[in-house]
Protein chains: 2
Amino acid sequence: MSVELSEAKELIDLHLDEHSTQELSAYDLAQHLKTIKNHDEELYSSYLKRLDPESLGDVAIELPESLLKDVIETLPSEKIVKAIEELESDDATDLLQYIEEIDEDKAKELFDGLDKDNQAEILRLRSYDDDEAGAYMQTELFSAILAEKTGDAVVRLRRQKEAGELENVSQLFIIEPDRTLKFAIPLEELILFDFSKSLEQNLKSRDEEDFKPHTVLDSDDIHDVVGIVEDHDLNVVPVVDSRGILLGRITADDIHDFIQSSATEQMYNLAGVSDEAEEDDTLVGAGRARAFWLMINLCTAIVSSFIVGMFDETIASYVALAVLMPIVASMGGNTGTQALAVTVRRISLGEIEFSDAKSVLKREVSISLINGLIFGVVMGVIAWMWFSKPLLGVVIMLSMLINLCLAGFFGTIIPLTLKKFDIDPAVGSSVVLTTFTDCIGFFSFLGLAKCMLV
Amino acid sequence: MSVELSEAKELIDLHLDEHSTQELSAYDLAQHLKTIKNHDEELYSSYLKRLDPESLGDVAIELPESLLKDVIETLPSEKIVKAIEELESDDATDLLQYIEEIDEDKAKELFDGLDKDNQAEILRLRSYDDDEAGAYMQTELFSAILAEKTGDAVVRLRRQKEAGELENVSQLFIIEPDRTLKFAIPLEELILFDFSKSLEQNLKSRDEEDFKPHTVLDSDDIHDVVGIVEDHDLNVVPVVDSRGILLGRITADDIHDFIQSSATEQMYNLAGVSDEAEEDDTLVGAGRARAFWLMINLCTAIVSSFIVGMFDETIASYVALAVLMPIVASMGGNTGTQALAVTVRRISLGEIEFSDAKSVLKREVSISLINGLIFGVVMGVIAWMWFSKPLLGVVIMLSMLINLCLAGFFGTIIPLTLKKFDIDPAVGSSVVLTTFTDCIGFFSFLGLAKCMLV
């Protein structure tokens, strides 16, 4: 037995042992199961069967598609239904969606097995778009009406926690009888309340304004929600509908996950990689998604080749041009990528938008103009020395100046424009940008050379 | 008065008005102050003077360097000292550091004005490296010993909160008399305790194991801390030293900030941009940092030019080579960037490290080999048709295959190696990578052409 396998086995055994205190996180548990499956399929299914419904749900969410497939094929539907019911509503919705992507009929069967309340919650959460706050909320809440005695609310909290209905509670939400959200009381305040008095009496003795919550709408963009959570250092934010009715809450860990995965998505999009396809365990999925962007890049590279081809006679009569032209293109590409990365990131952090284009362009074009001047002169002198031809130095200096300056312009305007049309500013902008910088670089350099040198 | 200015003025006025309930976050307040300063310097200083010490500290942290400079030049030192004392220890340490970067003497004067406890805490927090958990913790804690009556601990919480010593409390930390951390009790559990009994009695009636906290060491890498917080969906994590003594806690909002800023740093590093220099308000700082990477890129571009120069006679006798060679380089660069982005991100998410090199390389090289084959054949056929020369097609096909395959290899091995030597895998890896892909692309294409065509 390999070291890797026996280590994974030992850790899971400890986790399953009721007398042991070694608990694994769902993520770690999923990782170890993956290791075991790679070595010993049978042992793997026996472990799957031994997981209790509560762990099973948490682990299933963390499993890659191929392993989740085993879960739905190996385990009885009743156990999976139970596992889904043990999850918080947002996680239950996600898990059911993952299962649906593998086997639609199975997902339907499992959904039908859930109790009516769970079904209704999942249906509602699924009605939201991916970028709506509602899609990230959980509907399990600790709430009370103003007239309730504080102690009674606490007793209810105990019951709900014991029944496994509530986890990670950090606020008590005070609602009207029609569920309109009035106040949010952090537990660090609630614990100081007089338990024998009503919530209303307790609030009266303090400044009610301190308990006005920061809320978000279920239809709000999740990016804006992240901004609010960050600006106000919130642990949890209540979600209400347009009438102010309390629907759910978004917790800090959901925000974490969103920040991490959107940073990954952005970095991958910039590089022409699909974050979803990369999560796939097979090479084919990831390879196909990357090939798509390489295909686009090939097309644009051919376009810039055509531009070079327009000047084939010039190059034939002066080969130094072929030697130097990659430098102009490369420097333009780099300058543009710098402006692009800064602009994409600042858009995603909510620092700038299309209406700021003027001031952002001023800044970016100024920087690239200055660098264009500096590196144009440096490269001009180098080319002059290298090929002992002063005019060649002037040509490369001018073309670098033009290319770097326009690279800064396009590196800024491309993502701002994509954002304006509600397209992710990172998607494909890198390929579009280098098309511009290559074409402008080759055209300005070879064109100037044709006019001035030959 | 411009719309922008009057809007900012109105919002700040509302914020400062004690009868109004409109509160701005420190971040928004800082943004509006920036707007006002751009329009009206005098109005700006008058607002600075009107901020109470508590808001002042929070806002000062959010201000860009040039505006923070105004704060330390305009306001009396006593007020700034008070503002620093109002902050949590981690924020106080940060603010003092920002001030030190502007004016060392002033920072020393302010530090000397702090009370002894604050001084000691700041000195300790400053002793940590930037990537150590200790640098991110705050030392303000709600703690108690086992023998204490639960109700007494709660009374102490009230007193500490009223004195402004504690904020965002979500757990009670149970310590030994020597401050060794024993348990962490979430407030959602503490509120269910019998207040008339000691904490020990309350714990006895439950499963003590449930209250064993996930801890991190003050010397732990902050990246690992983020991993633990994410895996276990924590709101707060206690920090202990090697003997288990409780030192402080790291809260979810600090983790948020860290995740966001390290994603920005990574994206910027990949593009050859410095995140610190970009925060600077002046163009010079940002421009200089970018110029550094452009300079490195210029050097590496000249190296690849030399390689092209080695084949100047081949190119002179066959200009189609100059037309096609940018395609080979561009496709190699893109393929490598895909592998690079995926590897850098997976390293930073803790999914892979150097010891996984073999399996990661296998995956990445396989993908780029397959794409090399596909695009080699496609481009081979295109080149053959375009220049009616079958051998030229074979040359570009082989060189694309070589270049894309090696691009996948270098895109993976460069960041893994940097990480192995404890260097940020994103820094400069993009420039180093394109040096390889350009050189290999030009050398393989022109070299093969020289052997097979001319």
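Points to keep in mind about this one:
- Rounded to 5, percent antiparallel among DSSP beta bridges of chain A: 75 percent
- The other copies place their A:Gly227 label points at 3.4 nm from this one, listed shortest first, where each point is 7 Å from Cα along Cα→Cβ.
- Ranked B:His15, B:His32, criterion: other C-beta atoms within 10 Å, fewest first: B:His15, B:His32
- The chymotrypsin sites (Phe, Trp or Tyr not before Pro) of segment A:397-454 meeting both criteria, a DSSP state outside H, G, I, E and B (loop) and at most 16 other C-beta atoms within 10 angstrom of the site's C-beta, are A:Phe421.
- Label point 7 Å beyond Cα along the C-beta direction, distances from A:Leu373 to other copies (nm, shortest first): 5.3
- Taking all Cα pairs closer than 8 Å and separated by 6 or more residues, the relative contact order of segment A:350-443 comes to 31 percent.
- With the simple model of a label 7 Å out from the Cα in the direction of the Cβ, A:Leu349 to A:Asp131 spans 2.0 nm.
- Just so you know, the Rg over Rh for segment A:347-396 is 1.32, from Cα atoms, with Rh as the Kirkwood radius.
- Cα extents of the protein assembly as shown along the three principal axes, largest first (Å): 96, 75, 54
- Amide proton proximity set for B:Arg206, modelled H, under 5 Å, gap of 5+: none
- Euclidean distance between Cα centres, segment A:211-255 to segment B:370-397, Å: 55 Å
- Qualifying lysines (Cα of each under 16 Å from Cα of A:Lys197; at least 8 residues distant if same chain): A:Lys149
- Here the relative contact order of segment B:143-259, from alpha carbon pairs under 8 Å that lie six or more residues apart, stands at 24 percent.
- Calculated label separations, B:Ile145, copies of the chain, 7 Å along the beta-carbon direction, nm: 4.7
- Chain A, helix-only ellipticity at 222 nm - DSSP H runs n ≥ 4, -39,500 (n - 2.57), divided by all residues, nearest 500: -22500 deg cm²/dmol
- Between segment B:131-157 and segment A:103-152, the Cα center-to-center distance that results, in Å: 35 Å
- Size of segment A:74-221: Rg and Dmax of its alpha carbons, in Å, are 18.2, 58.
- Cα gyration tensor category, rounded, prolate or oblate, for segment A:261-360 with a/c compared to 1.5: oblate
- Using a Förster distance of 22 Å, the FRET efficiency for B:Asp112-B:Lys69 (Cβ separation, nearest 0.05): 0.60
- As a proxy for reagent exposure, ranking B:Val3, B:Val427, A:Val59 by other Cβ atoms within 10 Å from fewest up yields B:Val3, B:Val427, A:Val59.
- Projected label distance in nm at B:Glu104 and A:Thr282, using a 7 Å step from Cα toward the beta-carbon: 6.3 nm
- Applying 1/(1 + (r/R0)^6) with R0 = 35 Å to the Cβ-Cβ distance of B:Glu41 and A:Lys212 gives a FRET efficiency near 0.50.
- 3J(HN,Hα) along segment B:351-366, derived from phi through the Karplus expression 6.51 cos²θ - 1.76 cosθ + 1.60 where θ = phi - 60°, amounts to 7, 9, 9, 4, 5, 8, 3, 4, 6, 5, 4, 4, 4, 5, 5, 4 Hz, with x in place of Gly and Pro.
- Computed from label points 7 Å out along Cα-Cβ, the spacing between B:Glu148 and B:Met452 is 7.8 nm.
- For chain A, the ratio of Cα radius of gyration to the globular rule of thumb 2.2 N^0.38 Å stands at 1.32.
- Per-residue HN-Hα couplings for segment B:117-131 [Karplus 6.51, -1.76, 1.60; θ = phi - 60°; Hz; x = Gly/Pro]: 4, 4, 4, 4, 5, 5, 4, 5, 5, 6, 6, 8, 6, 4, 9
- For A:Phe183, the residues whose amide H sits under 5 Å from its own are A:Ile174, ignoring neighbours fewer than 5 places away on the same chain, with H placed 1.01 Å from N.
- Using equal-weight Cα scatterers in the Debye expression, the normalised intensity of segment B:275-453 in log10 at q = 0.10, 0.15, 0.17 Å⁻¹ is -0.45, -0.88, -1.02.
- Counted without the sites themselves, the longest stretch of chain A free of trypsin sites (Lys or Arg not before Pro) in a DSSP loop having at most 15 other beta carbon atoms within 10 Å is A:244-454.
- Sorting A:Asp52, B:Asp253 from the fewest to the most surrounding beta carbons within 10 angstrom yields A:Asp52, B:Asp253.
- Placing R0 at 45 angstrom, the Cβ-Cβ distance between A:Leu373 and A:Ser219 gives a FRET efficiency of 0.40 after rounding to 0.05.
- Normalised contact order of segment B:230-389, rounded percent, pairs of Cα under 8 Å and 6 or more residues apart: 8 percent
- In order along segment A:135-150, phi translates into HN-Hα couplings of 6, 10, 8, 10, 8, 6, 9, 9, 10, 7, 9, 3, 6, 5, 6, 4 Hz, rounded to whole numbers, per the Karplus curve 6.51 cos²θ - 1.76 cosθ + 1.60 with θ = phi - 60° and x for Gly and Pro.
- For segment A:13-100, alpha-carbon Rg over 2.2 N^0.38 Å: 1.02
No value in this document is a laboratory result; all are computed from the given coordinates. This structure is a prediction, so every number in the text was calculated from the model and none was measured. Cβ coordinates were reconstructed from backbone atoms using ideal geometry, including for glycine residues, and neighbour counts include every protein chain displayed.
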